[in-house]
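The structure appears below as structure tokens.
The values are calculated or read from the model by the stated rules, or taken from the named source; none is laboratory data. Model, not experiment: these values are computed from the prediction. Positions of Cβ are backbone-derived with ideal geometry, glycine not excepted, and every protein chain shown enters the neighbour counts.
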């Protein structure tokens, strides 16, 4: 066939649809197409053939293909193969050396087959590509397939509709589904346990932008192990062909469940250490039972539990013997309840300060009676009646979604004091053995602090009872005086016991006023105070001068061991409107006069009682009707954060306000100067001179 021979019918359609975009594997391979007529002449020559063999179409069309492309030594083989194909003996494929236009030899991979047109004429079609390029692609493909099949990383390819078209064996194992359960399905079809919306959104973002998303951390459950939470690192890549057309998305999945569990366990261990360190700082800052219990609850919520309750056995607080019958109910007093958020479980808890009765079937009773913790990792509906105090509380705990429970005994010095009650609802993790160990450690630390607070509170109550017993009963108002007084015990446990006041009637309508402060605290200080007060009353009955009274008290205090006390002793004579005062290391009284500013009396301070061998001095003071003497102990004005001079100035400023009754003055001073929760007690005495019952008041001497 010459160059002018028309091509086979329909040859023009071989160019394909011009609207179809090029690309794909054929472009990468550069497949050349050559068509020969029955005589072996070239009738069609593709651009790829020009690229592969070097001949332009004008140089190849119409010429004998063997003469153009085959060396002499291969001519006989080529002709026999051509004859075989044209005779209908089948196609032929293989590698064959082809002569390039530049004289070199090109190894081409051929596939030859016979064609037949509508008129019955036969043609030979040869498809060829460069052997080196094909070999490289074969190696790359083999390597890729081998890597995909054998890698421990799960690999999947999805099309642009986000349907699986390929999964490797690793992903089959990770997802727990064979390949045929993946192919054609979406992530939503295959992995409904996961956060499908987030996964598909990430894929569509990568498809749209082309920017890979790498190492996205995600957790969830799969069909392979629906009862266990797993963790993965997932990456997404957009797939494009050689013409940069988007053809899908590839994803790689690395199972990091073990690493995640190890990291979670390490983080939990760090949190436990943090909780213990926090507890060391926060628990036991006070010797108050309620405060210590609240500190324990605050440490545990919300880091460790959603709801925490601290309950102490009522028998421990009252120092009574628990019921000997193990089947009898147990009385608890609620000290603290803390919740991480508003919850019906708070209503189910025992109100703070109230006593609750729990029968022997309750878990908290078992915990307190045996001294052993009780752990319910997974709470069922049948367990709730053993946790709650009554049916109403059972309903509330069910509404709160309580799913895990832990009760730990509060044990100190070999005695169970109560129980720490812990619950989880929103925290999805159940309590485990590690949680039990941590809660036990915290409960042991808190129990010692609670026990200390319990003993100190008992000591405080005893000291306060002794102190109040030793202080004077409310005396009758002495002649010519209006007296008001206050005693304020210290809030700090153990600081009660040292301060006292007294109003002692003397002969001739005179009155002795005493305010003192025994250094130290507790029962010992209260007992010393009682001895000094009794001695002062005895000495006052001898009508001694104030300095002489303090001299005798000094000897008595020295004989009581290491007892030191400050004291101010004043004798008021309302008939002569005179007063004599002596002090032993005490803060100066304040003298107020109607129409004049209050003044701190300038008195010889003297040494405290108990030093021994000290000389005390009387100081005379003239009084008028309406004058006041304000005697007080240092707890009223001394603080750790303020200068004493400033505090004394504040005292006189308050007394300079419009006149009040002595009772109102006491309330004013305590309210303005005394800090609630202070660590010192206060004795305060206000005496105002008033006219005697006689018809006339004697003039000043």
Of all residues making up segment 583-597, the number that are in contact with a helix residue (DSSP H, G or I) (Cβ under 9 Å, 6 or more places away or on another chain) and surrounded by 14 or more Cβ atoms within 10 Å (Cβ to Cβ): 7
When residues of segment 598-613 are limited to those that are in contact with a helix residue (DSSP H, G or I) (Cβ under 6 Å, 6 or more places away or on another chain) and farther than 24 Å from residue 645 by Cα, the one surrounded by the most Cβ atoms within 10 Å (Cβ to Cβ): 610
For segment 502-517, name all the residues that are under 17 Å from residue 569 (Cβ atoms) and assigned to a helix (DSSP H, G or I). 507
Somewhere in segment 347-359, is a residue assigned to a loop (DSSP other than H, G, I, E, B) and closer than 18 Å to residue 426 by Cα? yes
Which residue, of 294, 270, is without any contact (Cβ under 8 Å) to a residue 12 or more places away in the chain and in a helix (DSSP H, G or I)? 270
Return yes or no: is residue 397 in contact with a strand residue (DSSP E or B) (Cβ under 8 Å, 6 or more places away or on another chain), assigned by TED's automatic domain parsing to the domain that holds residue 448 and crowded, with 16+ Cβ neighbours inside 10 Å? yes
Exactly one of 214, 166, 194 is assigned to a loop (DSSP other than H, G, I, E, B) and touching a strand residue (DSSP E or B) at 6+ places or on another chain (Cβ under 7 Å), and that one is 194
Taking segment 240-267 and the residues there that are out of contact with any strand residue (DSSP E or B) (no Cβ under 9 Å at 6 or more places or on another chain) and outside any helix (DSSP H, G or I), the one that is modelled with the lowest pLDDT would be 242
Test of understanding: among 570, 557, which residue is touching a strand residue (DSSP E or B) at 6+ places or on another chain (Cβ under 6 Å) and within 17 Å of residue 629 (Cβ to Cβ)? 570
Given the criteria in contact (Cβ under 8 Å) with a residue 12 or more places away in the chain, touching a helix residue (DSSP H, G or I) at 6+ places or on another chain (Cβ under 7 Å) and under 27 Å from residue 392 (Cβ atoms), does residue 355 qualify? yes
Candidates 315, 279, 308 - the one that is in the same structural domain as residue 416 (by TED's automatic domain parsing), more than 30 Å from residue 216 (Cα to Cα) and free of Cβ contacts under 8 Å to residues at least 60 places away in the same chain: 315
From the set of residues in segment 360-382 that are in contact (Cβ under 8 Å) with a residue 40 or more places away in the chain and in a loop (DSSP other than H, G, I, E, B), which is surrounded by the most Cβ atoms within 10 Å (Cβ to Cβ)? 373
Say we look at segment 217-239 and pick out the residues that are in contact with a strand residue (DSSP E or B) (Cβ under 9 Å, 6 or more places away or on another chain) and loosely packed, with under 13 Cβ neighbours inside 10 Å; which of these is farthest from residue 252 (Cα to Cα)? 227
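Just the residues that are closer than 23 Å to residue 478 by Cβ and either in contact (Cβ under 8 Å) with a residue 12 or more places away in the chain or not in a helix (DSSP H, G or I) (or both), please, taken from segment 518-541.
Answer for segment 518-541, where residues must be closer than 23 Å to residue 478 by Cβ and either in contact (Cβ under 8 Å) with a residue 12 or more places away in the chain or not in a helix (DSSP H, G or I) (or both): 529, 530, 532, 533, 535, 536, 537, 539, 540, 541.
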Quick one: how many residues across segment 297-322 are within 17 Å of the chain's Cα centre (by Cα), under 18 Å from residue 419 (Cβ atoms) and not in a strand (DSSP E or B)? 8
Quick one: is residue 418 buried (at least 23 other Cβ atoms within 10 Å of the Cβ) and either closer than 21 Å to residue 356 by Cα or free of Cβ contacts under 8 Å to residues at least 40 places away in the same chain (or both)? yes
